[in-house]
Amino acid sequence: ALPICIKVAVESPFKGDVKRNIKFCQNICRFAVTQGYNPFAMHLFFPQFLDDTIESERNLGIQCGLDWTNKAQEVWFCLHKEDKITPGMFKAIERNTELVRKGKKRKLRYLLFTQDGGLIGTIIGGIKYLDSVQLQETDLYYSSTGSLEQCPCPELMTNPKSEALWVRPQKLLI
C-alpha cells in the first residue's frame, strides 16, 4: 500500500451533465488515492447537504471548500477533453494563483484525464497562454475536430496557437 501523504484539492466541472461530471471526479479521486495522494473534491462533498441551485447555499459551499483548499499542498485542475473551465473552476484558479504569488507553497497542476480517470497528461501552459512554453515533438494537441493528435508541422511547434489545448503525455510524479 502506498503511504497517503500529499493533500490535494481536486477541481473539475460540476454543472452541465452533473451525473457524468460526478463520476469523472470520483474517478480522478480514485486515481489520486492509488498514486498516494489524499484528495478532496468540494463539489462532490458539499452538494450532498447544500442545494447547489440556491445561490446562497452554493456560495456557502464554495466558501467552505476554498477554506479547506487552504490546507492543500496541491491543487489539481482536471478536465476531460470535451470539458471547458467552468466559472467555479476559474474562481479557484484565480484564488490559488494569487495565493502562490503571495508565497503560499503549493503546486498547481492542470491535468487532462479520460472519463474513467486515466491520466492523459499535463495541460501545457496551464489554461491560458503558451507564451513561454517550449513545445516538444512528443507533445499532443486537440485539433478542431476534438481529436488528440501529434503536432503536424514544425511551424506550429515554434508558433503555437494559444487557443489550442496542448498536452504533454506523462506520468504523475509525487
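Taking Pro39 as the residue in question, decide whether it is part of a loop (DSSP other than H, G, I, E, B), touching a Cys at 6+ places or on another chain (Cβ under 9 Å) and crowded, with 18+ Cβ neighbours inside 10 Å.
No; evaluated as a whole, the condition is false for this residue.
What is the residue count in segment 51-69 for residues that are open to solvent by less than 80 Å² (accessible area, probe 1.4 Å), closer than 27 Å to Arg106 by Cβ and either among the aliphatic types (A, V, I, L, M) or in contact with a Cys (Cβ under 9 Å, 6 or more places away or on another chain) (or both)?
Selection size over segment 51-69: 2.
Going through Val8, Val33 one at a time, which residue ends up being under 11 Å from Gly117 (Cβ atoms) and in contact with a strand residue (DSSP E or B) (Cβ under 7 Å, 6 or more places away or on another chain)?
Val33
Residue under question is Phe90, and the condition is that it be open to solvent by less than 40 Å² (accessible area, probe 1.4 Å) and either among the aromatic types (Phe, Trp, Tyr) or modelled with pLDDT of 85 or more (or both); does it hold?
Criteria not met by Phe90.
Mind checking which pairs have a first residue in segment 70-99 that is in contact (Cβ under 8 Å) with a residue 12 or more places away in the chain and a second that is polar (S, T, N, Q), Cβ under 6 Å, 6 or more apart or different chains?
Val75/Asn96; Cys78/Ser12; His80/Gln115
Report yes if Phe24 is at pLDDT 90 or above, of a type in the set (Phe, Trp, Tyr), more than 12 Å from the chain's Cα centre (by Cα) and open to solvent by less than 50 Å² (accessible area, probe 1.4 Å), otherwise no.
no
Regarding segment 113-122, can at least one residue be identified that is among the hydroxyl-bearing types (Ser, Thr, Tyr) and at pLDDT below 80?
yes
Determine which single condition Ser147 fails, assuming it passes every other condition in (1) at pLDDT below 55; (2) open to solvent by 60 Å² or more (accessible area, probe 1.4 Å); (3) within 26 Å of Gln26 (Cα to Cα).
Just one mismatch for Ser147, condition (2).
On the given criteria, is Asp52 on the phi < 0 side of the Ramachandran plot, without any contact (Cβ under 8 Å) to a residue 60 or more places away in the chain and assigned to a loop (DSSP other than H, G, I, E, B)?
yes
Just give me the residues in segment 101-124 being among the β-branched types (Val, Ile, Thr) and closer than 18 Å to Val33 by Cα, in sequence order.
Taking segment 101-124 first, the residues among the β-branched types (Val, Ile, Thr) are 114, 120, 122-124.
Thr114, Ile120, listed by residue number.
The values are calculated or read from the model by the stated rules, or taken from the named source; none is laboratory data. These numbers were taken from a predicted model, which means no experiment stands behind them. Quick reminder, even Gly has a Cβ in these numbers, built from the backbone with ideal geometry, and neighbours come from all protein chains shown. Ligands, DNA and RNA are excluded from the accessible area calculation, which covers all protein heavy atoms including side chains. Shrake-Rupley method; radii C 1.70, N 1.55, O 1.52, S 1.80 Å.
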